[in-house]
Every structure is written in C-alpha cells, then in structure tokens.
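Colleague: Structure below; questions to follow.
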Amino acid sequence: QQQVKQSPQSLIVQKGGISIINCAYENTAFDYFPWYQQFPGKGPALLIAIRPDVSEKKEGRFTISFNKSAKQFSLHIMDSQPGDSATYFCAARMNSGGYQKVTFGTGTKLQVIP
Amino acid sequence: KAGVTQTPRYLIKTRGQQVTLSCSPISGHRSVSWYQQTPGQGLQFLFEYFSETQRNKGNFPGRFSGRQFSNSRSEMNVSTLELGDSALYLCASSLEGQALGLNEKLFFGSGTQLSVL
C-alpha cells in the first residue's frame, strides 16, 4: 500500500520560474515530513523538512507548505536554476515501535532549462 | 567525517545467482537502513538494523536478507536473483533511528546499481 503519493512524475521549468511538487499522505501517524534531493549517480540528500504543527517552512529558495487537514504538503523552489535539476522525493516519517520508519514518494524528476 | 560508503558501485549478475552488498555507515551512526530504488516505484524500504538486530522490515520476500556487524557495518544479501531485482540499492545511516529524535536524519550512500541479466 503506497502511503505517500507524489506528483508530478516529471517537471520542466524555465530558469527563474517556480517549481512545485506535491505530496499527499493517508496515515495520520506520520509526524515528520522531509524532502530529499537526488542528483544522478548519488544517493538522496536531505533538503528541507517540516513538522505538522507548522504550516510553512522556508530555507533559502526552498519552501515547504503543509496542509494538515488535507493531509498534503508541497515543495516550492523559487527562482529555479539549472543546478536544481535533480530528482526530488517527499517522505513521511512515523514512529514504529519507538523507532523511525520513513516512507518515500515515487519521486519527481525536475529539469530546469536555461 | 566520511559519509556512507557502499560497495560495490556496480554489479552485474544472472538470474538464480546470489549477491551481497556492503554498507559502512557514518562513524558513530548505529542505525542502518536499506532501500530499493526503481524508476516509478521510488524508494522502497527493505529493512533496518540497529546493534546487530533487525528492528524494522518492509514487504520484501525472504530472498532479501541482511545483517549488521558489531562495528555497525551492514550487508544485504539477495538470493536466487530475479530480473525484477534489478535496481539501485541504497543504504542510509542515522544516529539511533529514534522516532522522536530531532536529529534523526537519514544520510544515504551513493548506492549499488545491480543489474540482473
């Protein structure tokens, strides 16, 4: 059962534009929502994360918007740059017997064109 | 501080064979998780080890197994390989893997790309 749904599967944005990636979850036991960025040939790296008691978190050009009632969260990349071209994964973490269990979305391949 | 190291980087096997992948976590990290990454499926959780014990397990068949050594290094084994096992296998480490830990971030290695022919 897929517990975190991510869209779109791929995204092409012009340099300077806004990239938006959306995720939805079902299980209300999730208590931490990180986003990971993965470049070709590398493993995913933590980009930014949010807890459900906050509606928005901003770090530089990256912003997470969180809607607890709708069980949705999204990543916004402002002023998108070619160097942002990568695959982005949303994730949701829950307590599994006292330890963390992380569920990932299926990923969004972002291409920022000059 | 060295990151998570996975070996080998690439591996080509044939159906029916078995394979062992290795992961060395960041120094001081005691929790090691394994994920399978395939196009369209994202990252699928395989299992997590802490202090040489498997704590969590995903929905993969018994052909997928792992272990962790006293130095926190971990190995993953896949027996009787199938074509569908072709994927990027990622290892991630964290300090303790505690659910409520504010600093419980996952750090991934670059993965082992397994191709089954």
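The values are calculated or read from the model by the stated rules, or taken from the named source; none is laboratory data. Keep in mind it's a predicted model, so treat the numbers as computed, not measured. Glycine gets a Cβ as well: all are built from the backbone with ideal geometry, and neighbour counts include every protein chain shown. Just the protein is used for accessible areas: all its heavy atoms, side chains included, with ligands, DNA and RNA removed. Shrake-Rupley method; radii C 1.70, N 1.55, O 1.52, S 1.80 Å.
Colleague: Go ahead and run the numbers for FRET between B:Thr7 and B:Gln54, Cβ-Cβ distance against an R0 of 25 Å, rounding to 0.05.
Modeller: On the way: r = 21 Å, r/R0 = 0.85.
Calculated transfer efficiency: 0.75.
Colleague: What FRET efficiency, computed as 1/(1 + (r/R0)^6) with R0 = 45 Å and r the Cβ-Cβ distance, is obtained for A:Ala29 and B:Gln17, rounded to the nearest 0.05?
Modeller: Working: r = 39 Å, r/R0 = 0.87.
It comes to 0.70.
Colleague: Can you tell me how segment A:3-52 classifies by the Cα gyration tensor, rounded, prolate or oblate, using a/c under 1.5 as the rounded cut?
Modeller: On the way: a/c = 1.95, a/b = 1.50, b/c = 1.30.
Prolate is the answer for segment A:3-52, as a/c is 1.5 or above and a/b outweighs b/c.
Colleague: Provide the gained length on full extension for the span B:Arg30 to B:Ser65, in nm with one decimal, where the gain is 0.36 nm per separating residue minus the Cα-Cα distance. Write out the running numbers ahead of the final one.
Modeller: Details: separation 35, 0.36 × 35 = 12.60 nm, distance 1.83 nm.
The B:Arg30-B:Ser65 span can extend by a further 10.8 nm.
Colleague: Send over the Kirkwood Rh of segment A:18-77, from the inverse of the averaged 1/r over different Cα pairs, rounded to one decimal Å. Write down the numbers at each step before the final one.
Modeller: Values: mean 1/r = 0.0827 Å⁻¹.
So the Kirkwood estimate lands at 12.1 Å.
Colleague: Moving on to the next point. Please report Rg over Rh for the protein assembly as shown, where both radii come from the alpha carbon positions and Rh follows the Kirkwood definition. Could you put the intermediate results ahead of the total?
Modeller: Details: Rg = 17.5 Å, Rh = 18.1 Å.
My calculation of the ratio gives 0.97.
Colleague: Please go through the residue pairs A:Lys42/A:Lys71; A:Lys15/B:Lys57; A:Lys15/B:Lys13; A:Lys15/A:Lys101 and name each one whose alpha carbons sit more than 32 Å apart in this structure.
Modeller: Details: A:Lys42/A:Lys71 30 Å; A:Lys15/B:Lys57 41 Å; A:Lys15/B:Lys13 41 Å; A:Lys15/A:Lys101 36 Å.
The answer is A:Lys15/B:Lys57; A:Lys15/B:Lys13; A:Lys15/A:Lys101.
Colleague: Could you report chain B's accessible area per residue, 1.4 Å probe, as an integer in Å²?
Modeller: Numbers: 5450 Å² over 117 residues.
Counting only protein heavy atoms, the per-residue value for chain B is 47 Å².
Colleague: Choose one answer from A:Phe66, A:Phe30, A:Phe39: the residue with the largest mean-square fluctuation in a GNM of chain A with alpha-carbon springs under 10 Å.
Modeller: For chain A, modelled as a Gaussian network with Cα springs under 10 Å, the answer is A:Phe39.
Colleague: Shifting gears a bit: Once you have a ≥ b ≥ c as the square roots of the Cα gyration tensor eigenvalues for chain B, tell me rounded if a/c is under 1.5, and otherwise prolate or oblate according to whether a/b is larger than b/c.
Modeller: Working: a/c = 1.77, a/b = 1.71, b/c = 1.04.
Since a/c reaches 1.5 and a/b is larger than b/c, the shape of chain B is classed as prolate.
Colleague: Based on the alpha-carbon set only, what is the convex hull volume of segment B:1-41 divided per residue, in Å³? Walk me through the intermediate numbers first.
Modeller: On the way: hull volume 4.7 nm³, N = 41.
So the per-residue Cα hull volume is 115 Å³.
Colleague: Specify, per residue and in Å³, the volume enclosed by the convex hull of the alpha carbon atoms belonging to segment A:47-91. Intermediate values should be presented prior to the final figure.
Modeller: Numbers: hull volume 3.4 nm³, N = 45.
Spelled out: Cα convex hull of segment A:47-91, divided by residues, is 75 Å³.
Colleague: Given 5 Å bins starting at zero, what is the percent of C-alpha pairs of chain A in each, up to the one with the largest pair distance?
Modeller: 2, 12, 24, 25, 19, 10, 5, 2, 0, 0
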